[in-house]
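Working notes, beginning with the structure itself.
What follows is calculated from the coordinates using simple rules that are stated; it is not laboratory data. None of the values given here were measured: they were computed from a predicted structure. Glycine also receives a Cβ, built like all others from the backbone with ideal geometry; neighbour counts cover every protein chain displayed.
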Amino acid sequence: METGQIAIGADHGGFALKQYIIERLSVEGFDFKDFGTFSGESVDYPDFIHPVAASVNQGIHKRGIVICGSGQGANMTANKYPEVRSALLWDIEQTKLTRMHNDANIIALPGRFIDFALAVEMVKVFMQTEFEGGRHIRRIEKMKNIL
Ligand code: RB5
C-alpha cells in the first residue's frame, strides 16, 4: 500500500471526476495535492498535467492521477517524462496488472467515459497493488532504450 500524498490534475473534461475522487477518497484517509483545474471552464490539458507529471518525475510524489475527457491527452503528456510510467485505465484488472508488471506511477483516467464509482475503486487498487519486481524490473528499464 502506497500511503504518500497523491498528485492529481485534470482539465475541464476531467474536472468533475477529479472533484469526485478527492471528495470520496479524502474521507477514507487518502491525501491529495490538487494541481487544478478548479472549475469546468475550458482549459488546455497540458497546463494541468505537466505539474503532476513533473512532481512524480522528480520523486516529490510517488503516485499521480491525471484526467481529461478521453484520458488520451493527459496520458500522452505525462509519458513525456523519463521517470513517469502513466497508464490509461478503464477497469480494475488492467489497473492491477499495470501496477504488478509495469510499476505504473500515474493513472490516466477518461473523465467522460468512465463510471465515477468505478474510477474511485480503480484508484484504491492503484494505490494498494505492489509491483512484482523480478523480470519486470529488466523490462521497465528497457523502456528507456529508445533507438
Ligand atoms: C477537451 O475537450 C478534450 O480534448 C480533452 O479533455 C481530452 O480528451 C484530450 O485528450
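Observations on the model:
- In this structure the amide hydrogen of ARG85, modeled in the peptide plane, comes within under 5 Å of the amide hydrogens of ASN105, ILE106, none closer than 5 places in sequence on its chain.
- Fewest-first ordering of TYR20, TYR45, TYR81 by other beta carbons within 10 Å of each residue's beta carbon gives TYR20, TYR81, TYR45.
- Think of region 81-147 as a dipole: +1 on every Lys or Arg Cβ, -1 on every Asp or Glu Cβ, centred on the Cα centre; then among ILE137, MET127, LEU109, ILE137 lies furthest on the positive end.
- Normalised by 2.2 N^0.38 Å, where N is the number of residues, the alpha-carbon radius of gyration of the chain equals 0.96.
- Lys/Arg +1, Asp/Glu -1 at C-beta; region 7-88 dipole; positive extreme among TYR45, LEU25, PHE15: LEU25
- Placing R0 at 41 angstrom, the Cβ-Cβ distance between LYS62 and SER39 gives a FRET efficiency of 0.90 after rounding to 0.05.
- The charge dipole of the chain, taken about its Cα centre with unit charges on the Cβ of Lys, Arg, Asp and Glu (plus for the first two, minus for the last two), comes to roughly 580 debye.
- Springs between Cα atoms under 10 Å define the GNM used for the chain, and in it the highest mean-square fluctuation of ALA78, ALA108, ALA117 occurs at ALA117.
- Taking GluC sites (Glu not before Pro) across region 18-89, the ones in a DSSP loop with at most 10 further Cβ atoms lying within 10 angstrom of their Cβ are GLU28, GLU41.
- Exposure proxy ranking, count of Cβ atoms within 10 Å, fewest first, for MET76, MET127, MET1, MET122: MET1, MET76, MET127, MET122
- Spherically averaged projected area in nm², based on the convex hull that wraps the Cα atoms of region 41-128: 5.4
- Per-residue HN-Hα couplings for region 43-60 [Karplus 6.51, -1.76, 1.60; θ = phi - 60°; Hz; x = Gly/Pro]: 9, 9, 4, x, 4, 10, 8, 3, x, 5, 5, 5, 5, 5, 4, 7, x, 5
- Placing a label point 7 Å from the Cα of ARG112 along the Cα-to-Cβ direction, the residues of region 19-53 with a backbone N closer than 16 Å are 40-46.
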